[in-house]
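K.L.:
Here it is: the structure, laid out below.
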Amino acid sequence: MSSSAPSQIIEHVVLLKAKPSADPSAVADMLRSLNGLATLDSVLHISAGPVARCRSTALTFTHLLHSRYRSKSDLASYTDDPAHVSVVADYVKPVVDDVMAVDWVADDFAGAVAVPPGESLRLTVMKLREEGVGKGEILGIVRGMKGKFDSIEQLTVGENFSPGRSKGFSIASIAVVKDLASLGEQSNLVNDQKDKAREFLDGVVVLDYTVPASVPASL
């Protein structure tokens with residue numbers, strides 16, 4: 001796993017819903033195996049763990065995987081790698097009953113590629129009410145949020161380029177923060193940004209996730 005910081009990265013997020021009947025030990029094995037994929041050469045950063053909070057009118061997810069790559073070809077290499085294929089077949093599919101994934105290009109990337117353990121992510125995925133309408137406005141609103149929230153240390157946003165498993169959601173963003181509660185303290189500002197975007201959107205999923213304190217280095 002490389003640690004040097006590129007100026008552009010590929011964000012890859014997979015949302016998982018564990019079966020209510022799933023054995024907790026099997027879920028733990030799934031997370032440990034996914035985190036073990038950090039050893040693959042194509043992976044810049046990867047972490048998987050439970051979702052702290054999921055806000056959605058229609059979709060519910062229990063776990064999240066976040067990983068980063070230098071290029072789309074590196075993401076494809078990760079996807080096709082036998083180790084990844086084996087983890088999905090042996091550890092993921094037996095315990096989940098719903099999956100959603102989004103990928104986007106983060107241009108002008110700045111900061112550390114690896115999100116440190118203990119720091120949190122706020123993932124937002126958005127579905128446009130009408131394809132293409134309001135896309136530029138939404139991207140502009142989200143990009144402008146970093147300057148409005150002191151607690152946001154890093155923010156990426158882009159258009160999903162892998163529609164096959166995205167359930168129609170076409171825009172995604174990740175805000176990296178030390179303390180999610182600090183975003184709540186600025187709720188009026190958050191609501192103001194939501195109001196600006198609402199007319200263009202048909203659905204939004206917001207998830208909070210904290211990078212696990214201990215990420216296994218190998219399977």
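K.L.:
Is it the case, given these coordinates, that residue 42 is under 16 Å from the mean Cα position of the chain (by Cα) and not aliphatic (A, V, I, L, M)?
P.N.:
No: the conditions fail for residue 42.
K.L.:
Here's a follow-up. Return yes when residue 20 is surrounded by fewer than 18 Cβ atoms within 10 Å (Cβ to Cβ), in contact with a strand residue (DSSP E or B) (Cβ under 6 Å, 6 or more places away or on another chain) and modelled with pLDDT of 95 or more and no when it is not.
P.N.:
So residue 20 does not fit the description; no.
K.L.:
Within segment 95-119, track down each residue that is surrounded by 14 or more Cβ atoms within 10 Å (Cβ to Cβ) and touching a Lys or Arg at 6+ places or on another chain (Cβ under 7 Å).
P.N.:
Those that are surrounded by 14 or more Cβ atoms within 10 Å (Cβ to Cβ) and touching a Lys or Arg at 6+ places or on another chain (Cβ under 7 Å): 95, 96, 98, 99, 100, 101, 113, 119.
K.L.:
Report yes if residue 109 is of a type outside the set (Gly, Ala, Ser), in contact (Cβ under 8 Å) with a residue 40 or more places away in the chain and touching a helix residue (DSSP H, G or I) at 6+ places or on another chain (Cβ under 7 Å), otherwise no.
P.N.:
In short, no.
K.L.:
Scan 92, 85 and give me the residue that is within 25 Å of residue 163 (Cβ to Cβ), at pLDDT 95 or above and surrounded by 14 or more Cβ atoms within 10 Å (Cβ to Cβ).
P.N.:
Sole residue among the options that is within 25 Å of residue 163 (Cβ to Cβ), at pLDDT 95 or above and surrounded by 14 or more Cβ atoms within 10 Å (Cβ to Cβ): 92.
K.L.:
A follow-up question, please. Residues that are small (Gly, Ala, Ser): which strands (runs of 3 or more DSSP E) entirely in segment 1-110 hold 3 or more of them?
P.N.:
Ranges flagged: 45-55.
K.L.:
Next question, about the same structure. Limited to segment 61-89, what total is found for residues that are touching a strand residue (DSSP E or B) at 6+ places or on another chain (Cβ under 6 Å) and among the β-branched types (Val, Ile, Thr)?
P.N.:
Number of matching residues: 1.
K.L.:
Please determine whether any residue of segment 127-136 is surrounded by fewer than 17 Cβ atoms within 10 Å (Cβ to Cβ), part of a helix (DSSP H, G or I), at negative phi and touching a strand residue (DSSP E or B) at 6+ places or on another chain (Cβ under 7 Å).
P.N.:
Looking through segment 127-136, at least one residue is surrounded by fewer than 17 Cβ atoms within 10 Å (Cβ to Cβ), part of a helix (DSSP H, G or I), at negative phi and touching a strand residue (DSSP E or B) at 6+ places or on another chain (Cβ under 7 Å).
K.L.:
Do any residues in segment 154-170 that are loosely packed, with under 14 Cβ neighbours inside 10 Å have Cβ atoms under 6 Å from those of residues that are part of a loop (DSSP other than H, G, I, E, B) and not aliphatic (A, V, I, L, M), where the two are at least six apart or on different chains, and which pairs are they?
P.N.:
Final answer for the pair search is none.
The values are calculated or read from the model by the stated rules, or taken from the named source; none is laboratory data. As the structure is a prediction and not an experimental result, all values here were calculated from the model. Here Cβ is always computed from backbone atoms with ideal geometry, including for glycine, and neighbour counts include all displayed protein chains.
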